[in-house]
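See below for the structure under consideration.
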Amino acid sequence: MSKDEKDILTGNEGLKKMPFRVPEGYFDGLEARIHARIAEETAPVKRRPLRGRIFRSPAYLSAAAVLAIIVAGGLLMSRGDMQEDDWSEEQYALYRDVDIIPVTEPESIWLSSYEETSDTLSTEDIIDYLVYIGIEPEEFDNE
Amino acid sequence: MADDREIMSIYRSGDREGAFREIIRNYRERLYWHIRRFTCSHEDTDDLLQETFVKIWTGLPDFREDSRLFTWIYRIATNETLNFLRRQRTHGLSGSEPLENILYRKVDDDPYFNGDMLQRELHKAIQKLPPRQKAVFNMRYFEDMGYNDMAEILGVSAGALKASYHHAYIKIKEELEKIF
């Protein structure tokens with residue numbers, strides 16, 4: 001296709017307009033809602049003293065004792081599993097880090113790419129390579 | 001409305017709140033539509049837009065002007081949005097159904113849609129694209145953004161983005177030509 005020829009996307013300028021409404025007055029009230037959210041998110045968290053919370057009732061002590069037994073048992077069992085599987089630190093890191101990828105790393109977003117790996121080269125792989133070696137994508141259409 | 005240079009000048013004068021107010025006025029609509037093209041939902045967009053501005057407010061003291069204000073702001077909004085979609089995928093909020101199918105349906109079900117058939121099919125076709133192609137297509141086609149600006153925002157080379165746009169364009173064109 002030549003550059004002057006119009007297709008369905010270039011020939012319909014109206015397509016570039018957003019076909020969605022926003023609720024009445026939405027943008028007018030936005031600034032106040034943002035300030036309220038900032039105040040809410042940056043407000044210091046008020047905590048009661050630790051002593052008062054833990055020793056308020058014997059039920060807390062019973063629950064803590066049961067929990068301690070469960071955790072100790074779990075640790076002993078997991079030690080046994082670890083010796084059998086002998087997982088490396090790298091394998092654990094794969095699971096441990098999966099949800100703490102920082103938002104400031106745009107490349108990490110592409111890790112969850114939809115495209116599946118394949119043994120064969122797709123048209124997209126070939127086009128990516130051609131662009132990599134300096135050929136403009138527009139040139140493909142002129143062939 | 002103040003431009004980016006004026007906003008930074010207000011900020012440097014010590015008026016952080018004044019600069020932030022101008023940022024909201026200048027960017028609220030642009031960012032709203034930028035995010036909404038990804039989420040297909042007013043409610044999700046509203047939440048992400050507010051969170052984007054909270055991050056801008058808290059990040060402003062650390063903004064060193066190594067990049068332009070415009071690309072820094074878009075980078076925050078884009079990362080917030082793509083991470084939101086990634087969380088929906090990885091935490092199974094979409095169940096066993098692919099997220100693209102859910103987004104595709106959201107266009108049909110959106111109570112705020114007021115376009116024609118061609119516009120509806122265009123926005124449905126966009127939802128079928130992989131994340132990078134979707135981001136590039138939206139920024140290039142609707143916002144007419146340059147490849148170098150997009151490269152700064154997405155942290156990917158301009159060449160790779162050209163290829164992504166090309167793939168996205170062809171896919172959407174073919175999808176629409178099947179119907180119209």
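None of the figures in this text is laboratory data; all of them are computed from the coordinates on show. What you see is a predicted model, and the numbers here were worked out from it, not measured in a lab. Please note: Cβ atoms are built from the backbone with ideal geometry, for glycine as well, and neighbour counts cover all protein chains shown.
Quick one: of A:K6/B:K124; A:K17/B:K134; B:K128/B:K173; B:K134/B:K171, which pairs are farther than 19 Å apart, Cα to Cα?
Too far apart for the 19 Å limit: A:K6/B:K124.
Take each peptide in B:115-127, B:131-143, count the other Cβ atoms within 10 Å of every residue, and average; sorted highest first, the result is B:131-143, B:115-127. A simple spin-label model places pseudo-atoms 7 Å from Cα toward Cβ; at A:E13 and B:N101 they are separated by 4.0 nm. Across peptide A:28-38, the average count of Cβ atoms from other chains found within 10 Å of a residue's Cβ is 5.
Multiplying the residue separation of B:R12 and B:F180 by 0.36 nm and removing their Cα-Cα distance gives an extension gain of 55.2 nm. Restricting the calculation to Cα atoms, every distinct pair contributes to the Kirkwood radius of region B:93-174, found to be 13.7 Å. Computed over every Cα-Cα pair of region B:1-97 and binned at 10 Å starting from 0, the pair-distance distribution P(r) comes out as 15, 46, 26, 10, 3, 0 percent.
Note on A:V45 and A:R33: their simple-model spin labels are 2.6 nm apart, each label 7 Å out from Cα toward Cβ.
Given R₀ = 56 Å, what would the calculated FRET efficiency be for B:D108 paired with A:I70, taking r from the Cβ atoms and rounding to 0.05?
0.70
Within 10 Å of the Cβ of each residue in B:115-127, the mean number of Cβ atoms contributed by other protein chains is 3.
On full extension, the segment bounded by B:R30 and B:R5 gains 7.2 nm, given 0.36 nm per residue less the C-alpha separation. Peptide B:15-22 has a mean of 1 when you count, residue by residue, the C-beta atoms of other protein chains within 10 Å of its C-beta.
Show me B:30-39, B:99-108 ranked by packing, highest mean number of other Cβ atoms within 10 Å first.
Highest to lowest by the protection proxy: B:30-39, B:99-108.
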